Amino acid sequence: QVQLVESGGGLVQAGGSLRLSCAASRSIFSINVMGWYRQAPGNQRELVATITSGGIINYVDSVKGRFTISRDNAKNTVYLQMNSLKPEDTARYYCNAVSDMRYYWGQGTQVTVSS
C-alpha cells in the first residue's frame, strides 16, 4: 500500500503559478504510474498529467505547454508545476498512484484561480 499527501494548492490570480507536491509514504521507484487528476464542482474527475516509472509523460490537451509533471524518486515525491493558470483550472487536485494494478488516491488540494 501507499499513502499520498498533496500540498501546494491555494488561491492565485490568472496568469500566476503554483507547484503542487505529492509525498508518498514509501518508495515510488517501483510505482508504475503516478499522476495528477482534478475535479471541479459538478464535473467528473479528469486526468491532468501522468508519469510512468520509465519517465513517459502524458498531459491532457488543455494543460499542455503550461503544466509540467515530474517525479523525484529520492524524495518519494511527484510534482506538478502549473504556470499561466486560468480560471478554468480551478478544481481540487488529486494525486494518484497505480501499483500492482491497484489505485491509490490522496485527499486532494484545492486550487482556485481568480480572474
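The values are calculated or read from the model by the stated rules, or taken from the named source; none is laboratory data. These numbers come from a predicted model, not from an experiment. Heads up, the Cβs are rebuilt from the backbone with ideal geometry, glycines too, and the neighbour counts pull from every protein chain shown. Note: accessible area is taken over every heavy atom of the protein model, side chains too, but ligands, DNA and RNA are not part of it. Shrake-Rupley method; radii C 1.70, N 1.55, O 1.52, S 1.80 Å.
Of note:
- Odd one out for Gly65 among (1) open to solvent by 70 Å² or more (accessible area, probe 1.4 Å); (2) in a strand (DSSP E or B): (2)
- Restricting the range 62-99 to residues that are touching a residue at least 60 places away in the same chain (Cβ under 8 Å) and farther than 16 Å from Val12 by Cβ, the residue that is farthest from the chain's Cα centre (by Cα) is Ser99.
- Subset of the range 101-115 that is under 15 Å from the mean Cα position of the chain (by Cα) and open to solvent by 40 Å² or more (accessible area, probe 1.4 Å) - its residue that is nearest to Thr52 (Cα to Cα): Tyr103
- Filtered by the rule that a residue be outside any strand (DSSP E or B) and open to solvent by 50 Å² or more (accessible area, probe 1.4 Å), the range 33-62 gives Pro41, Gly42, Asn43, Gln44, Arg45, Ser53, Gly54, Ile56, Asp61, Ser62.
- Selection status of Arg19, of a type in the set (D, E, K, R), out of contact with any Asp or Glu (no Cβ under 6 Å at 6 or more places or on another chain) and not in a strand (DSSP E or B): no
- Residues (among the hydrophobic types (A, V, I, L, M, F, W, C) and modelled with pLDDT of 95 or more) located in the range 99-115: Trp105, Val111, Val113
- Filter result for Ser21 (under 15 Å from Leu4 (Cα atoms) and either surrounded by fewer than 21 Cβ atoms within 10 Å (Cβ to Cβ) or of a type in the set (Ser, Thr, Tyr) (or both)): yes
- Given (1) free of Cβ contacts under 8 Å to residues at least 60 places away in the same chain; (2) more than 14 Å from the chain's Cα centre (by Cα); (3) open to solvent by less than 70 Å² (accessible area, probe 1.4 Å), index of the condition Ile28 fails: (1)
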